[in-house]
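**Student:** Take this structure, written in structure tokens, and hold onto it; I'll ask about it next.
The values are calculated or read from the model by the stated rules, or taken from the named source; none is laboratory data. Because the structure is a prediction, the values reported are computed rather than measured. As a convention, Cβ positions derive from the backbone with ideal geometry for all residues, glycine included, and neighbour counts pool all protein chains shown.
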Amino acid sequence: MSVVEMSRAREAWYGMRQIYAGVGHRRPTFEETTMRFSDFRATCVILAVMAASPLAISCDKDEEPPVEDRLCERFDECTLLDAGVSVQDCIDNVSNCTDELVSSDRTDWNREIEECLENSNCVNFFNCYQNVPDC
């Protein structure tokens, strides 16, 4: 910003301050009043966007990972993965298997796996998983 622009901005601000404080001898013009209202409106919009942004971010955090991911992570927690098989390998294998299911079978499979994942005990989890039909 140049020196001239800065001095004009300072003069405009000083003049507006006098008008808004009632020091000036003239009434504010329509443009001056409109500018004040638009500044207020812009501030409200900015505050609304800032207030809503954490809500949008928090919605994404609540989303659970896919059933395949949670199933393989549970296998890993319960040390049920074969030696040399990583969690990612498990996820890939289970995903390939479930991709081949028709939608009704996949829905049934997902529901039954969800029920198994609710078991906190590894033995109960594995017993439940053994009763789920293979995909």
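**Student:** Report, by residue number, each residue of segment 117-128 that is touching a residue at least 40 places away in the same chain (Cβ under 8 Å) and surrounded by 15 or more Cβ atoms within 10 Å (Cβ to Cβ).
**Tutor:** Selection gives Leu117, Phe125, Phe126.
Rundown of residues vs (1) on the phi > 0 side of the Ramachandran plot; (2) among the β-branched types (Val, Ile, Thr); (3) at pLDDT 60 or above, yes/no style:
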| site | (1), (2), (3) |
| --- | --- |
| Glu11 | no, no, yes |
| Val23 | no, yes, no |
| Phe37 | no, no, no |
| Pro65 | no, no, yes |
| Phe75 | no, no, yes |
| Leu81 | no, no, yes |
| Trp109 | no, no, yes |
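**Student:** Let me ask something else. Of all residues in segment 98-125, which are part of a helix (DSSP H, G or I) and among the charged types (D, E, K, R)?
**Tutor:** Residues satisfying the conditions are Asp99, Asp105, Arg106, Asp108, Arg111, Glu112, Glu114, Glu115.
**Student:** Can you name every residue in segment 98-120 that is closer than 18 Å to Glu73 by Cβ and in contact with a helix residue (DSSP H, G or I) (Cβ under 9 Å, 6 or more places away or on another chain)?
**Tutor:** Thr98, Trp109, Asn110, Glu112, Ile113, Glu114, Glu115, Cys116, Leu117, Glu118, Asn119, listed by residue number.
**Student:** Just to be sure I understand, how many residues within segment 67-110 are basic (Lys, Arg) and either within 24 Å of Asn121 (Cα to Cα) or surrounded by fewer than 11 Cβ atoms within 10 Å (Cβ to Cβ) (or both)?
**Tutor:** Total meeting the criteria: 2.
**Student:** What pairs come up if the first residue lies in segment 96-108 and is under 12 Å from Val132 (Cβ atoms), the second is in a helix (DSSP H, G or I) and at pLDDT 90 or above, and their beta carbons are under 6 Å apart, counting only those six or more places apart or on different chains?
**Tutor:** Filtered contacts from segment 96-108: Thr98/Arg106.
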